[in-house]
1. In segment A:52-62, which residues are closer than 21 Å to A:THR107 by Cβ and either in a strand (DSSP E or B) or of a type in the set (Ser, Thr, Tyr) (or both)?
2. If you go through segment A:15-37 one residue at a time, how many are crowded, with 19+ Cβ neighbours inside 10 Å and under 13 Å from A:LEU106 (Cα atoms)?
3. Just to be sure, is A:GLN70 away from chain B (no Cβ under 14 Å) and at positive phi?
4. Scan (1) assigned to a strand (DSSP E or B); (2) within 14 Å of chain B (Cβ to nearest Cβ) for the single condition A:VAL29 breaks and write down its number.
5. So is B:GLY110 under 13 Å from the mean Cα position of the chain (by Cα) and either crowded, with 17+ Cβ neighbours inside 10 Å or farther than 21 Å from B:ILE5 by Cβ (or both) or not?
6. Keeping to segment B:59-116, report how many residues are in a loop (DSSP other than H, G, I, E, B) and either without any contact (Cβ under 8 Å) to a residue 60 or more places away in the chain or at the interface with chain A (Cβ under 9 Å from one of its Cβ atoms) (or both).
7. From B:GLY103, B:GLY99, grab the single residue that is buried (at least 17 other Cβ atoms within 10 Å of the Cβ), at pLDDT below 95 and of a type in the set (Gly, Ala, Ser).
8. Within segment A:76-83, does at least one residue satisfy the condition of being in contact with a strand residue (DSSP E or B) (Cβ under 7 Å, 6 or more places away or on another chain) and within 14 Å of chain B (Cβ to nearest Cβ)?
Amino acid sequence: QKEVEQNSGPLSVPEGAIASLNCTYSDRVSQSFFWYRQYSGKSPELIMSIYSNGDKEDGRFTAQLNKASQYVSLLIRDSQPSDSATYLCALNTNAGKSTFGDGTTLTVKP
Amino acid sequence: DAGVIQSPRHEVTEMGQEVTLRCKPISGHDYLFWYRQTMMRGLELLIYFNNNVPIDDSGMPEDRFSAKMPNASFSTLKIQPSEPRDSAVYFCASRVRGGGYTGELFFGEGSRLTVL
């Protein structure tokens with residue numbers, strides 16, 4: 001079983017819609033969860049981090065964490081063509097390892 | 001700060017040649033990670049170091065791969081001999097441990113390796 005599993009995608013939404021990205025993880029003791037965005041040909045960059053159960057909002061982005069279900073999600077409201085990228089779910093284990101899912105490619109169509 | 005610096009940015013080599021990729025982490029970061037990214041396998045963790053000590057190298061695909069971190073400001077990933085299936089983008093990333101609630105990874109721009 002992979003440590004971090006993401007929807008295989010690709011995901012396509014119209015401009016202005018809500019994009020929903022999902023992730024599950026296997027290590028129950030993981031404490032820190034992250035969403036990175038990677039544009040084609042570029043390196044990943046952090047867009048959200050979340051450590052406690054519940055929702056965390058930052059502008060158009062909302063991260064949700066449910067530790068009991070071992071589930072992390074990212075909602076992008078009012079999606080823009082510039083949001084088209086691959087979104088990577090990641091976690092830090094207690095041993096210090098930073099591990100990633102395979103990513104979900106999002107396309108926002110004008 | 002200049003960020004994580006990787007070199008070379010692009011490398012084209014022939015099968016059987018030795019390849020050395022280099023990384024300078026952000027000053028003060030005590031974790032350093034090497035990842036490999038391909039379309040088929042996504043972003044794979046190869047090895048990571050804490051305070052220059054290798055912690056987990058279980059992701060290194062085989063003995064042809066080796067990594068070192070002789071000091072806090074420099075790490076290398078070596079492939080010898082290289083094979084066409086090693087073609088990928090190799091990322092170096094660093095972070096601080098923090099108080100358990102930081103841990104953002106900062107990535108270099110990557111080294112794109114093509115083995116012919």
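1. So in segment A:52-62, the residues closer than 21 Å to A:THR107 by Cβ come out as A:59-62.
Residues satisfying the conditions are A:PHE61, A:THR62.
2. Of the residues in segment A:15-37, 4 are crowded, with 19+ Cβ neighbours inside 10 Å and under 13 Å from A:LEU106 (Cα atoms).
3. Values: away from chain B (no Cβ under 14 Å): yes; at positive phi: yes.
So A:GLN70 fits the description; yes.
4. Among (1) assigned to a strand (DSSP E or B); (2) within 14 Å of chain B (Cβ to nearest Cβ), the lone unmet condition for A:VAL29 is (1).
5. On the way: under 13 Å from the mean Cα position of the chain (by Cα): yes; either crowded, with 17+ Cβ neighbours inside 10 Å or farther than 21 Å from B:ILE5 by Cβ (or both): yes.
In short, yes.
6. First, the residues of segment B:59-116 that are in a loop (DSSP other than H, G, I, E, B): B:59-64, B:72-73, B:80-83, B:87, B:96-105, B:108-110, B:116.
This time we only want the ones that are either without any contact (Cβ under 8 Å) to a residue 60 or more places away in the chain or at the interface with chain A (Cβ under 9 Å from one of its Cβ atoms) (or both), so: B:59-64, B:72-73, B:87, B:97-105, B:108-110.
Going through segment B:59-116 one residue at a time, the tally reaches 21.
7. Working: B:GLY99 fails: buried (at least 17 other Cβ atoms within 10 Å of the Cβ).
Exactly one residue qualifies, and that residue is B:GLY103.
8. In the first step, residues of segment A:76-83 are kept if they are in contact with a strand residue (DSSP E or B) (Cβ under 7 Å, 6 or more places away or on another chain); the result is A:76, A:79-81, A:83.
Add one more test, that the residue is within 14 Å of chain B (Cβ to nearest Cβ), and what stays is none.
Among the residues of segment A:76-83, not one is in contact with a strand residue (DSSP E or B) (Cβ under 7 Å, 6 or more places away or on another chain) and within 14 Å of chain B (Cβ to nearest Cβ), which makes the answer no.
The values are calculated or read from the model by the stated rules, or taken from the named source; none is laboratory data. Fair warning: this is a prediction, and the values are worked out from it, not measured in the lab. A quick note on method: Cβ atoms are made from the backbone with ideal geometry, for glycine too, and the neighbour counts reach across all protein chains shown.
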